[in-house]
1. Provide a single number: the residues in region A:378-388 that are at pLDDT below 90 and facing chain B (nearest Cβ under 10 Å).
2. Of all residues in region A:484-510, which are part of a loop (DSSP other than H, G, I, E, B), in contact with a strand residue (DSSP E or B) (Cβ under 8 Å, 6 or more places away or on another chain) and closer than 20 Å to residue C:306 by Cα?
3. Would you point out which residue out of C:306, C:256, C:272 is in a helix (DSSP H, G or I) and touching a helix residue (DSSP H, G or I) at 6+ places or on another chain (Cβ under 8 Å)?
4. If the Cβ limit is 6 Å and pairs must be 6+ apart or interchain, which residue in region A:261-284 that is more than 9 Å from every other protein chain (Cβ to nearest Cβ) pairs with which residue that is in a helix (DSSP H, G or I)?
5. Determine whether residue B:142 is in contact with a strand residue (DSSP E or B) (Cβ under 6 Å, 6 or more places away or on another chain), within 22 Å of residue A:312 (Cβ to Cβ), at pLDDT 90 or above and surrounded by fewer than 21 Cβ atoms within 10 Å (Cβ to Cβ).
6. On the given criteria, is residue B:130 more than 23 Å from residue A:311 (Cβ to Cβ) and either within 14 Å of chain A (Cβ to nearest Cβ) or out of contact with any strand residue (DSSP E or B) (no Cβ under 6 Å at 6 or more places or on another chain) (or both)?
7. Please work out if residue A:294 is surrounded by fewer than 18 Cβ atoms within 10 Å (Cβ to Cβ) and in contact with a helix residue (DSSP H, G or I) (Cβ under 8 Å, 6 or more places away or on another chain).
C-alpha cells in the first residue's frame, strides 16, 4: 500500500485527505475545496482504502451512510404498511384457516391479498427481520470504520497546523497582531476561563473542549447494537417464555413452562366507577361512556411443588405467596411474571334443578349439579334419586343418536339423567339441555325443571419470562447516554497562530452549533484583540443580504 | 504493508461471517419455533405421577422395562374418542407382550370420563391430569397426541392426529420389549 | 366555581394570550429597515411577554386540572393534545431565549393555537382512569413524549418559515404545490374546528341502528349530519339526514361523515381565502418571512431536532417500553401507535444522518422537518381515531 508523504515530511496512510501532522490538504479535491470536510478529521476512512476483494466490497457496502439511511427508510416504510390492517396478533382467530377467512370476510379482496402476501404478519416475517439484521450490520461496520481512525487522529493532532488548513476552516481570520507577544497569553487566559483545554507551542495555540461529544454517536450505536443483540437472544431456548393461562375462580392449575409452580385463583374482582360516588368530578364522563372499569384483579395463591415431586403430584404443594394480580402489578417469582390481561365474566359454574311431577307440578326436591365435577347420583327430596348417565358440558347436537360435546368448557351444559322416584321405581330417562328437554324412551311422568345457575369468572393471565430484559435495558441506557453525549454537547476547537510574516491567524471549528462557537470566539477576540474572522459558509449570498435581511 | 492488508481482510471476513451467521440463525430459529416441540425423539420422557379413575396412582418410571403408549385425549375431541376402541383391542393383544397404555385425560370431570370408559368398555388405565401439569411438562398442543416410550424410558416417536388400528398395532409392536 | 371551571378559564385565557402575542410578533416582523428598529424590538419584547403570560396561565390550567382529576391530565385525546400545544409554546419560549427571533413566534404560536382548538373539539370531561392507566408511568411516559414531540415541532416551524421564504411562488413547481398543500391542510384543521363547533352549537344528534362487522346489531349516534350511513342502517331519530351512501361494515361511517364535513368546511374556507385575497396562502405569508435569516432558520431547525430527539426517544420509546412491559407483559407489541412512534424515531434518525452531508442543509432539511411533523400528526390523529387499537385514545 502506498503511503502519501506530505510536504512537511509526515507519512500518511493511503486515502488520507488531510495530513495528520500539519493539516495540509493531500488530495486535489481537498485542494480545490473552499472549505474542508472536517467530519473525520481528514483521516482515511478505512473502507475507502481497501476496495479489492469481495469481502471488501461487502464491507464498504455496509459502511456507507447512504446505505444505512436507505435501510432506515425502507424499514420505516415497511413498518407503515403493517399498520394498514390489523396484524394477526390482534385478530380474533387462532387457526390459520380462521385467520385467512377473517381477513377475507372483514376486509374483502384487499384483506385477502394483504394476508396472502404475508403483510398480516409483517414484523415476524423473514424479510423484515433480515432488514433489521442488515441495519445491525451497518451499525457495526460503519461505526468501526469511522471511530478508529477518528480516535487516532484526534489523539495525535498537532497544535500548529499549516495555513492551508487554517484558511479552509469555516471560521477564519488573519490580520495584524496588535498585542504582539501577549496576544496568545491573553487568549489562553480567556479560553481557560471558558473551560477550554489550551496548548501553546512555539507561537501556536490550540484550544479544545468537548472532544468527548464526538464519541456520542458511537456510544449510541453500541447501545443499539446491544439492544438488537438482546432481541436476537430471544430465539435461544430458555430465554423467553410467553404463555397464556385461563383460570377459573376456585381452580388450581399448573403454570405452563414454569418448573413446578401452581396457581390457585381465589377470586376475580371487577370494579367499576360508581356514578353516584364519582358524580362530582367524573359523572359526565361516566354518563357519556357508560361503565368505566376502575380495577380488575385476580386474587391468587402461588404454590410450588416440593423438590423431588413429579408433575401430576399435587399433594404437598407448598404455599409461596398470596397476592392480587392487577394491571400494572404483575405477580413476580423466580424470573417469571404473571400479568392480569383478560377476563370472561359469568361462566356457568353449577345449575340447580327441581324434580317435578309434570302433571301436578309438585316438586319432589332440588338438586345442584356442579358443572366441573358432577356426581353420579344425587339424592333428591326424601326418597328420590337422580342418576347422571351422561354429561355434555358444551352440547353441540346429536350424532348417530349420541349427544356430542365440542369442548370441555361448560358453555352449553346438557345432561342425560335417570330419575328414580317412589312412583317410578324403574326410573325414567330424560335428556336435559338449556331450553330443551327430550324424552327419548317414551313419555315421562317427571322432569327436571331448571331453577337457577351459579356463575363464576375466569381470569386470562399471561405468563412471561424474559431473560433478555436486562440486556435490552443496558442497550437503551447506552443509547440515551450516547445520544445526549453527541447532541447536547459539541466539540469546539480554536487555533491561533503567529504567522511567519508577523501576523495572527485565527481559525475555529465545531461539529455543531456554530452560533455558540462564534459567541465564544467573539469574547476571546475582544480580550485579545484578535483579527476579525469571517464565516466562510453562509446559506445566503451577498445579494440576499442586501435585500434587507435581519440578523436575527 | 501487505501483511496489514491481509490482517485487515481477515478481521473483516471474520466479523462479517459472525454477523451474517448470527442473523441467519436467529431468523431460522424464529421461523421454526412454532413447529418444534420442546420434547423430541430420543429425549428422556419426563417422569410423572397421576391418579386413575379407580384412585390408583401410576408413575411413569414404574413402567420402565415395558413399552408405554402414552396417549393424551379428551371426550370432546372426536379423533381421540374414535381411536379408543381400536386402542383397547390392541391393548388386549399387546399387554401380555409388555406394552402398557396410559391415557392421560386433560382436566375433565370424573363423571364424563367414567361414563365414556364404561360406554366403550375400556380396559386400559385412564389417568386424570387435573391441573394440566403433565400436559405442560410434555408441551402437548393439539389432541390427540400419542408418545411412544420405549422400555428404556426414551421417546421413540410423537404422533399427532388420529391413528388407525393398523397404526396402533405397528406402534405397539415398535415399543414392545425384546 | 369548581377547580375544573377555573382550569377551563385558565386555558381560555392562555388561548387568547397566544392570539394577541401572534399579532405582536407580526408587528415585530414588519418594518422596512434592515436593522431592527427600536419599535420593532419593543414589539418583540411585548410579544414574548404576552406569550409567557399565556404559558403560565396554560400551566395553571394543567396543574389545576391535575389536582381536580387526581391524575396527570394526559389521559384522553383532549388532554393530551392540549398538553402538546402547551409544550410547543414552551419549546418556542426556550428557543426564543437562545436565538431571539420573532419570526418563530409568528408561526409557532398559530400552530399551537390550531392544535389547542382541534383538541377542544373532543370530549372535555374529566374521566377516571381505567386500570391500564393506573400507573405513575402515565405521567412520565406521556409527558416526556409530548415534550419531545413539541421540541421536534419547532423544527417543523423553522422549516416552514424557510420554505415560505425560499420556494419560488411565481413558478409552477412541485415545491410550490406541496407548500400550498401544507397550508391547505392547516386550513382543513380549521375547517374541522368550524364544522364541529357549528354542529355542537346546533346540538345536532341523529341515531341509527346498523349491523357491525361481526354481524351483530348495534346502535350509533351521529353528532354531524350523516353523509354516509353505516352497514344496513336504519334511522332511529326523526328528521335524520338520509345518507348519500351506505358503507361496508369495516368503515365507521360516523367518523367518515365527520371527516368529510371537516373537508367541506375547510375547502370552502380555503376557497374563500383565495377568492378574497386573489393569492395562495403561501403568497400571502411570503412577505412576512422575507426578512427572516435563512441560516438561522436552518440552524434552529437542526438544533430543535438535536435537542428534541433524545427527549422523544426517552419518552416515546424507552419509558413507553418500560411501561408496556409492566402493564401488558411485553415491551413491544407492534401495535399501530408503537409502530408509528418507531417510524417517527427512524425518520428523525435518518434526518440527523442526512444532515451530515452539506447537500442536505437548507431547503431539503426544511422539507424533512415538515414531513417529520406530518408523521407526528398522523400518529396523533389517524392512528388514534382511525387505526384504533389497544393503545388508542379514542
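The values are calculated or read from the model by the stated rules, or taken from the named source; none is laboratory data. Being a predicted model, the structure only gives us computed values, none of them experimental. Methodologically, a virtual Cβ is constructed for each residue, glycine included, from the backbone with ideal geometry; neighbour enumeration extends over all protein chains shown.
1. 0
2. A:490, A:491
3. None of the others qualify; the one that does is C:306.
4. From region A:261-284, the pairs are A:275/A:286.
5. Spelling it out, it is not the case that residue B:142 is in contact with a strand residue (DSSP E or B) (Cβ under 6 Å, 6 or more places away or on another chain), within 22 Å of residue A:312 (Cβ to Cβ), at pLDDT 90 or above and surrounded by fewer than 21 Cβ atoms within 10 Å (Cβ to Cβ).
6. no
7. yes
Per-residue answers, yes or no, for (1) under 26 Å from residue C:182 (Cβ atoms); (2) within 14 Å of chain A (Cβ to nearest Cβ):
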| residue | (1), (2) |
| --- | --- |
| C:72 | no, no |
| C:78 | yes, yes |
| C:92 | yes, no |
| C:102 | yes, yes |
| C:110 | yes, no |
